Amino acid sequence: MAWLELKQIITQYRGADGPFALATIVKSSGSTYRHPGARMLITHDNAFFGRLSAGCVEEEVADRAQRVIRTGKPFLWSVDLRSRFACDGSIDVLVERVTKPNPFLEALVRLVDDREPFRVTTNYRLTDSEVGTRLTDQWKPEHDEEFLEEMQPPVRLIVFGDYSDAKAVSHLAKFLGWQVELAFDADLLPGGDARTACVVMSHHFGRDIVALRKVLQGSFGYVGLLGPWRRKNLLLNELMNEGFPPENISALHSPAGLDIGSESPEEIALAVVAEIQATLTGHKSGPLRDRAEPIHKVRRHLICNELR
């Protein structure tokens with residue numbers, strides 16, 4: 001599920017007293033706009049946060065959720081999108097009542113800061129005594145009406161630079177719901193993790209060298225360097241002359257960005273952010289029309305909640 005939507009859910013959960021209804025896609029078949037793990041938080045006045053479709057079912061789910069908020073009784077709604085909305089698929093949506101403090105939503109709040117992934121299970125077998133979403137340590141579902149999901153922290157982007165193109169990259173990343181940090185002192189660059197990207201774009205040779213020396217030894221999921229091939233080669237030669245490990249240098253994305261004909265700062269930002277998205281999600285970033293595999297990778301037992 002996209003972190004922009006999760007942030008909306010977290011903000012509403014933290015700012016209101018509740019009770020709420022939590023709607024979760026627990027099963028899908030065929031071609032659907034959203035997949036298991038997509039969620040929506042509903043309040044008692046029919047307001048909803050998050051998305052389960054392109055806008056086809058949200059209002060009806062919010063209406064049906066009012067009874068769940070009042071009674072506490074969950075329900076499972078199967079929606080045939082083929083007959084109703086001309087989409088080639090169907091979804092099953094579990095709606096459950098949640099109150100504060102809710103362990104799952106509290107864990108989402110903590111995930112923003114501690115960046116430690118956690119697993120969650122959603123049981124949608126209505127005959128069971130424990131129906132709904134809860135934290136878990138298990139790796140496989142106990143039955144066919146349950147799915148597991150690993151919740152990953154939001155993408156974090158560190159932009160080293162302060163020119164107009166750096167501001168454009170930051171703006172676009174924030175629009176996607178990423179955590180964005182601007183850095184101006186290479187010695188103070190923070191560490192990274194598999195969901196953290198760093199783009200070095202200060203346009204200053206000495207500052208870029210210091211920044212690359214630090215981030216290429218880190219654990220970043222993506223490291224990019226803005227600028228032409230000649231400048232890249234000068235920088236990397238400098239690092240190699242210092243004895244910098246070649247295996248660290250090989251991870252560098254430079255020139256940063258996809259080849260989409262970018263010229264303006266905004267177009268450069270689009271190319272760079274798109275490459276980060278593709279790299280962190282393990283996609284090749286080619287045209288979808290050339291892709292033979294399904295667009296979305298859904299695993300039966302453990303769904304990794306990566307930014308899509």
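The values are calculated or read from the model by the stated rules, or taken from the named source; none is laboratory data. Remember, it's a predicted structure, so these values are computed and weren't measured experimentally. Cβ placement follows ideal geometry from the backbone for every residue including glycine, while neighbour counts extend to all protein chains displayed.
A few notes on this one:
- Residue in segment 209-219 that is under 30 Å from T121 (Cβ atoms) and assigned by TED's automatic domain parsing to the domain that holds H253 present: yes
- All helices (runs of 4 or more DSSP H) inside segment 1-100 with 3 or more residues being crowded, with 19+ Cβ neighbours inside 10 Å and touching a strand residue (DSSP E or B) at 6+ places or on another chain (Cβ under 7 Å): 3-15, 58-71
- When segment 217-276 is limited to residues that are under 18 Å from V159 (Cβ atoms) and of a type in the set (V, I, T), the one that is surrounded by the most Cβ atoms within 10 Å (Cβ to Cβ) turns out to be V272.
- Residue match in segment 45-67 (condition: farther than 22 Å from P153 by Cα, hydroxyl-bearing (S, T, Y) and touching a Pro at 6+ places or on another chain (Cβ under 7 Å)): no
- Among the residues of segment 201-230, those that are among the aromatic types (F, W, Y) and farther than 13 Å from N248 by Cα comprise F205, W229.
- Enumeration of residues in segment 20-40 that are in contact with a Leu (Cβ under 7 Å, 6 or more places away or on another chain) and either without any contact (Cβ under 8 Å) to a residue 60 or more places away in the chain or among the aromatic types (F, W, Y) (or both): F20, T32, R34, A38, R39, M40
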